[in-house]
1. Any idea how many residues of the range 293-325 are under 11 Å from Phe248 (Cβ atoms) and touching a helix residue (DSSP H, G or I) at 6+ places or on another chain (Cβ under 7 Å)?
2. Pick from the range 151-199 the residues that are among the aromatic types (Phe, Trp, Tyr) and at pLDDT below 85: which of them is nearest to Val358 (Cα to Cα)?
3. Just checking, how many residues over the range 30-48 are surrounded by fewer than 17 Cβ atoms within 10 Å (Cβ to Cβ), under 27 Å from the mean Cα position of the chain (by Cα) and either outside the structural domain of Tyr90 (by TED's automatic domain parsing) or aliphatic (A, V, I, L, M) (or both)?
4. Restricting the search to the range 33-68, which residues are assigned to a loop (DSSP other than H, G, I, E, B), among the hydroxyl-bearing types (Ser, Thr, Tyr) and either touching a residue at least 60 places away in the same chain (Cβ under 8 Å) or over 15 Å from Lys15 (Cα atoms) (or both)?
5. Give the residues of the range 225-250 that are under 17 Å from Gly287 (Cβ atoms), outside any loop (DSSP other than H, G, I, E, B) and of a type outside the set (Val, Ile, Thr), sorted by residue number.
6. So Glu27 ticks every box in (1) surrounded by 15 or more Cβ atoms within 10 Å (Cβ to Cβ); (2) within 22 Å of Tyr90 (Cα to Cα) but one. Which box is left unticked?
7. Restricting to the range 322-347, name every residue that is over 19 Å from Asn272 (Cβ atoms), at pLDDT below 90 and assigned to a loop (DSSP other than H, G, I, E, B).
Amino acid sequence: MSGWNIKQCVIWELKDAISRILKYPKEKLNIDEGLGDFGFDSISLAEFADVLSERYELEITPDIFFGYPTIERLSQYFLERYSDEMQFFYQEAVEVSAVTEEIITEVQMDQVKERKRVRYNHARKRVKASTEKEPIAIIGMSGRFPGARNVEELWSILLEGREVIRKLPHERVRLWQDYENTEAGKSVNRKLGVVPGIAEFDPLFFELSPREAETMDPRQRLLLQESWKALEDAGYGSKSFGDEKVGFFVGVEDGDYRLMTGSKSGVTSNNNAVLAARLSYFLNLDGPNMAINTACSSGLVAVHQACQSLRNGECDTAIVAGANLLITSENYNSMEQAGMLSADGKCYAFDKRANGMVPAEAVAV
């Protein structure tokens with residue numbers, strides 16, 4: 001053989017890692033044989049991913065082994081997905097082999113790799129440090145919270161230490177009782193944090209018909225309003241975007257308004273993907289757009305995804321939002337039946353007095 005190419009280096013690396021993890025002779029590793037045939041299980045696959053992540057300074061997760069289950073296919077994945085990284089990492093090994101016109105030995109390979117790894121890691125750390133230090137600024141915000149119609153009112157509540165958990169207000173009692181089909185159920189005595197004015201909306205401003213707005217999930221309506229206010233707070237107008245890519249990321253779980261409207265609602269009225277796309281459609285925004293549901297962490301994951309998108313250059317500005325409303329008693333009842341709710345309507349986070357949670361609503365952008 002006149003020399004090694006990068007693919008052979010990657011295959012060597014994969015074989016070396018497998019051999020060390022499974023104590024399996026390298027010469028017996030068939031590159032077209034499935035990883036499971038070598039004796040891998042879920043634990044050792046996770047270790048394999050960790051080893052490759054450390055060696056290449058990349059974020060490798062075990063799920064890729066299911067899509068690329070052989071050494072051959074896995075090497076191809078690295079060459080295609082991380083072409084520049086592999087080129088840089090193995091360049092010296094290829095150069096040495098090309099000059100000597102000899103088969104590179106494992107000892108030589110180890111020496112070359114070690115020298116290369118030191119320089120490669122140093123370079124990556126430099127690049128990583130330079131990108132991670134790039135600041136991301138919050139330039140505008142808006143929201144509606146229990147007892148607060150805006151961020152300033154929320155700040156006053158926090159500053160004064162006021163409690164806003166209360167019994168369900170009259171207009172919401174009617175909604176819950178309509179859903180439960182009762183005249184005077186226990187809804188009246190339930191305690192939660194309630195957002196004011198969920199029925200307030202100017203459909204014509206957003207070029208929607210009043211009839212369509214009536215069947216829309218109130219989270220869609222409030223998100224449109226609060227997103228617009230957040231953009232205004234940031235100094236943006238509807239004509240400000242130009243060629244700028246603006247992404248929209250909203251953390252949101254499945255809503256319950258569809259239980260009230262039934263067949264009256266249209267295809268888009270209670271769809272979470274549409275919920276995230278309403279503002280982008282209205283303003284013709286050019287950037288990534290997604291609704292994210294990871295249960296309780298949805299809002300935080302939306303923030304994380306937005307930061308990643310900004311750092312990756314997928315958007316120039318990101319709008320991040322979270323929305324939760326309890327339009328019917330459905331979710332409240334489910335939490336109650338599961339024993340999740342506080343018996344006295346008090347929430348003591350990270351406290352030995354904690355005896356359950358208290359549901360609350362919010363729309364934040």
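1. 5
2. Trp176
3. Counting residues in the range 30-48 that are surrounded by fewer than 17 Cβ atoms within 10 Å (Cβ to Cβ), under 27 Å from the mean Cα position of the chain (by Cα) and either outside the structural domain of Tyr90 (by TED's automatic domain parsing) or aliphatic (A, V, I, L, M) (or both) gives 2.
4. Answer for the range 33-68, where residues must be assigned to a loop (DSSP other than H, G, I, E, B), among the hydroxyl-bearing types (Ser, Thr, Tyr) and either touching a residue at least 60 places away in the same chain (Cβ under 8 Å) or over 15 Å from Lys15 (Cα atoms) (or both): just Thr61.
5. Across the range 225-250, the qualifying residues are Ser227, Trp228, Ala230, Leu231, Lys245, Gly247, Phe248, Phe249.
6. (1)
7. Once the filter is applied, which keeps residues that are over 19 Å from Asn272 (Cβ atoms), at pLDDT below 90 and assigned to a loop (DSSP other than H, G, I, E, B), the range 322-347 yields Ser329, Ala343, Asp344, Gly345, Lys346, Cys347.
The values are calculated or read from the model by the stated rules, or taken from the named source; none is laboratory data. The structure presented is a predicted model; accordingly, all values stated were derived computationally and were not measured. Ideal geometry is used to build each Cβ from the backbone, glycine not excepted, and the neighbour counts take in all protein chains shown.
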